[in-house]
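Here the structure is laid out as structure tokens; the discussion comes afterwards.
The values are calculated or read from the model by the stated rules, or taken from the named source; none is laboratory data. It should be emphasised that the depicted structure is a prediction, and the values quoted were computed from it without experimental measurement. Every residue, glycine among them, receives a Cβ derived from its backbone with ideal geometry; neighbour counts consider all protein chains shown. Accessible surface areas use protein heavy atoms only, side chains included; no ligands, DNA or RNA. Shrake-Rupley method; radii C 1.70, N 1.55, O 1.52, S 1.80 Å.
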Amino acid sequence: MKKKIWQLIIKAGCYPSIYFTRNPFKILEFKEITKGIAWRGNERVLDIGCGIGNQTLLLAQKCGHITGVDINSEFITKARWFTEQIGDKVNVDFEHRRLEEIHFPSDSFDFIFSICVLEHIPDHESILQEVKRILKPGGRLFFSVDSLSAIESKRLIDIHKKKCSVQKYYTQNELRNLLEGMGFADVDVYPIFRSQMGVDLFQQCILKGFNFSLPQVFWLSHRLIQAEAKVSNPTPGIFLIAKATKALP
């Protein structure tokens with residue numbers, strides 16, 4: 001989309017919006033990650049793997065300051081451009097570096113978010129250790145990862161792994177044990193996209209791509225949320241949501 005059109009969209013107050021992810025799965029994923037957070041409005045927040053900053057800017061509307069981190073320079077350039085267009089309504093900065101290269105001071109952040117990033121990092125345990133170091137005592141970690149536990153086709157999983165550069169798929173128990181073993185408290189790990197519609201749609205997207213038009217995103221995400229709400233049995237899902245606390249000393 002051309003910059004002039006984006007400027008009109010931003011001026012009209014339509015951006016940031018989760019619907020501009022152009023992916024219906026991201027609507028529910030973002031809702032689940034942020035569900036139940038008691039925002040005070042003065043939190044210092046970190047968004048790991050921020051991409052072009054859409055979700056970062058949405059989180060910025062809730063907190064005091066947020067930093068977005070991503071290793072993709074093109075993404076960071078776009079994120080900074082969007083932020084400039086919005087102006088001084090949000091307190092945001094972006095870093096084009098790996099998290100471990102920034103050397104944030106210990107106990108820096110109230111909340112840390114990471115949306116489907118950890119599974120792409122070979123040394124994921126080192127990243128989680130760094131996250132724990134820079135979280136304030138009592139600070140909260142919120143993230144999602146690929147699981148694909150609901151998909152039975154090894155062929156589809158292999159295609160997804162190659163297309164999306166996935167280093168590791170997680171199971172619910174494995175991720176919970178990892179976080180608890182690192183000393184995180186109040187660990188909650190649960191699957192999402194457990195409905196048959198969610199599984200079928202995700203499998204189609206593996207083959208055909210995840211980008212949809214805005215009308216399709218609205219329609220599919222609405223149907224997906226309805227389908228997910230009807231699932232009551234403890235069945236596996238496509239993604240895992242994880243929430244944990246850095247224990248008080």
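Over 32 Å between Cα atoms: which of K78/K161; K35/K161; K136/K208; K168/K208; K11/K161; K132/K163 fall into that group? Checking Cα-Cα distances, K136/K208; K11/K161 exceed 32 Å.
Based on C-alpha pairs under 8 angstrom that are at least 6 apart in sequence, the chain has a relative contact order of 22 percent.
Remark: region 1-86 carries 49 Å² of accessible area per residue (probe radius 1.4 Å; ligands, DNA and RNA excluded). Separation of region 20-89 from region 167-190 is 24 Å, based on Cα centroids.
For region 94-198, GluC sites (Glu not before Pro) are listed when DSSP marks them as loop and at most 13 other Cβ atoms sit within 10 Å of their Cβ; the list is E152. Taking region 233-249 and a reference point 7 angstrom along Cα→Cβ of S106, the backbone N atoms nearer than 17 Å belong to 246-249.
When a 1.4 Å probe is rolled over the protein heavy atoms, the share of accessible surface on the chain that falls to carbon and sulfur comes to 51 percent. Across region 224-238, rounded Karplus estimates of 3J(HN,Hα) from the backbone phi angles (6.51 cos²θ - 1.76 cosθ + 1.60, θ = phi - 60°) give 5, 4, 5, 5, 5, 5, 8, 7, 10, 6, x, 9, x, x, 8 Hz, Gly and Pro being marked x.
Rounded to the nearest 20, the Cβ-based charge dipole of the chain about its Cα centre (Lys and Arg +1, Asp and Glu -1) stands at 860 debye. Let me make sure I get this right: for region 124-234, a, b and c are the square roots of the gyration tensor eigenvalues over alpha carbons, sorted descending. Under 1.5 in a/c it's rounded, otherwise prolate if a/b > b/c, else oblate. Which is it? In terms of gyration-tensor shape, prolate.
Considering only S126, F218, S106, the residue lying farthest towards the positive end of the dipole of region 78-234 is F218, judged by Cα position with unit charges set on Cβ.
Bridging of K26 to aspartates and glutamates at a Cα separation below 17 Å is possible for D47, E119, D146, D200, E228, once same-chain residues fewer than 8 apart are set aside. Under 12 Å between alpha carbons, and skipping anything fewer than 8 positions from K243 in its own chain: which aspartates and glutamates qualify? The qualifying aspartates and glutamates are E32, E180, D186, D188.
Phi angles of region 70-79 translate, via the Karplus equation with coefficients 6.51, -1.76, 1.60 and θ = phi - 60°, into HN-Hα couplings of 7, 8, 8, 5, 5, 4, 5, 4, 5, 4 Hz per residue; Gly and Pro are given as x.
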